[in-house]
Amino acid sequence: MAATRRTSHLVSMIVVSAGVAGAAMLSTSPARGQASATSASAPSFDAASIKPGDGARGIDFRFFPTRFVATALTLEQLILQAYGIEARELTGGPDWVRGDRFDVTAMTSQDVSRERMQLMLRTLLAERFNLQIGREERPGTVYSLTARNVKNLTPPAKPDEPSRIATRRLDENGVLSYRAEGHNATMAALAQYLAAHVRAPVTDETKLTGNYDFIISYAYDTPFGGLEPDPNVPTMFTALENQIGLKLTAGKGPVPVWVVTRVAKPTAN
């Protein structure tokens, strides 16, 4: 099945919250659907430096309580961090947006949450890169998650703990597989997790409204990092059906994307 082939692999211990990534975080103009972070009320850093980066020290980024630090990130990667989206959700712009790398250090005078710092990063990108992005829908592959013969979805052992889905990498036996461990998780959170796996929107159509604990053991069908996939572990599509009784079905539909509509190389510090 062509839809099951995925050459990228999730890193160990990816955690997905129950909320929708980037939801209620974006200020959008109703006239043209363009995002702007330059209004008078937009939060901003107290000081910021943007310089060309060569990647000699590696590629990294960190959100600290009073500063954001990025080493050798492309503007595309900075946009993904600022707006809480994935690479598949961003398109447009000149080649340098995905090729040129930058070192960024931005500071605040007091502790702020990561969410507020993301807003500050949007302001910085708008001011220094003249960045504007617009929201569009384009035809593409979408998936629906439905309930078949549901099993192994148990009431949460710790219902007071945060909802999360963590990914564990298993390679002790010389072959590679993964385990998705849901704790107090909703089906909406699982759909979000699966969207990152299949690199396409996933709609929760299970009609299951509770929170659950579950485990999904799966492997990709291609080697990664010199390791072959574990032949005894199914791909995600099969694992969903056999292990918890859910089905992931591909179809065609509108795919929301963010389009870079305006950008320029950064101004001097």
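Can you go through Ala70, Ala82, Ala87 and tell me which one is of a type in the set (Gly, Ala, Ser) and more than 30 Å from Val202 (Cα to Cα)?
Values: Ala82 fails: more than 30 Å from Val202 (Cα to Cα); Ala87 fails: more than 30 Å from Val202 (Cα to Cα).
Unique residue meeting the criteria: Ala70.
Please find, within the stretch 112-126, the residue that is farthest from Leu78 (Cα to Cα) out of those that are out of contact with any helix residue (DSSP H, G or I) (no Cβ under 8 Å at 6 or more places or on another chain) and not aliphatic (A, V, I, L, M).
Ser113
Somewhere in the stretch 183-205, is a residue part of a strand (DSSP E or B), in contact with an Asp or Glu (Cβ under 7 Å, 6 or more places away or on another chain) and not aromatic (Phe, Trp, Tyr)? Walk me through it before giving the result.
Filtering the stretch 183-205 for residues part of a strand (DSSP E or B) gives 183-185, 202-204.
So of that shortlist, the ones also in contact with an Asp or Glu (Cβ under 7 Å, 6 or more places away or on another chain) come out as 183-184.
If we keep only those that are not aromatic (Phe, Trp, Tyr) as well, we get 183-184.
Yes.
List, please: which pairs have Cβ atoms under 9 Å, are six or more places apart or on different chains, and start with a residue in the stretch 133-155 that is on the phi > 0 side of the Ramachandran plot and of a type in the set (Ser, Thr, Tyr) and end with one that is surrounded by 12 or more Cβ atoms within 10 Å (Cβ to Cβ) and modelled with pLDDT under 95?
none
Residues in the stretch 107-130: is at least one modelled with pLDDT under 95, assigned to a strand (DSSP E or B) and of a type in the set (A, V, I, L, M, F, W, C)?
no
Please go through (1) part of a strand (DSSP E or B); (2) in contact (Cβ under 8 Å) with a residue 60 or more places away in the chain for Ala180 and return the number of the only condition it doesn't satisfy.
It fails just one condition, (2).
So which of Arg135, Arg88, Arg62, Arg57 ends up being surrounded by fewer than 19 Cβ atoms within 10 Å (Cβ to Cβ) and part of a helix (DSSP H, G or I)? If you could, list the steps in order and put the result at the bottom.
On the way: Arg135 fails: part of a helix (DSSP H, G or I); Arg62 fails: part of a helix (DSSP H, G or I); Arg57 fails: part of a helix (DSSP H, G or I).
Unique residue meeting the criteria: Arg88.
Which ones in the stretch 251-269 are more than 20 Å from the chain's Cα centre (by Cα) and either farther than 30 Å from Val104 by Cα or polar (S, T, N, Q) (or both)?
Taking the stretch 251-269 and keeping what is more than 20 Å from the chain's Cα centre (by Cα), we get 251-253, 261-269.
Result: Gly251, Lys252, Gly253, Thr261, Thr267, Asn269.
Of these, Thr91, Thr7, Thr28, which one is farther than 15 Å from Leu124 by Cβ, modelled with pLDDT under 95 and in contact with a Ser or Thr (Cβ under 6 Å, 6 or more places away or on another chain)? Steps first, answer last, please.
Numbers: Thr91 fails: in contact with a Ser or Thr (Cβ under 6 Å, 6 or more places away or on another chain); Thr28 fails: in contact with a Ser or Thr (Cβ under 6 Å, 6 or more places away or on another chain).
After applying the criteria, what remains is Thr7.
The rows are residues; the columns are (1) touching a residue at least 40 places away in the same chain (Cβ under 8 Å); (2) of a type in the set (Lys, Arg); (3) surrounded by 17 or more Cβ atoms within 10 Å (Cβ to Cβ); (4) closer than 22 Å to Val142 by Cα.
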| site | (1), (2), (3), (4) |
| --- | --- |
| Ala189 | yes, no, yes, yes |
| Arg199 | yes, yes, no, yes |
| Ile216 | no, no, yes, yes |
| Glu228 | yes, no, no, no |
| Met236 | yes, no, yes, yes |
| Pro256 | yes, no, no, yes |
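The values are calculated or read from the model by the stated rules, or taken from the named source; none is laboratory data. Predicted model only: the values in this text are computed from it and were never measured. In this analysis, Cβ positions are derived from the backbone assuming ideal geometry, glycine residues included, and neighbour counts consider all displayed protein chains.
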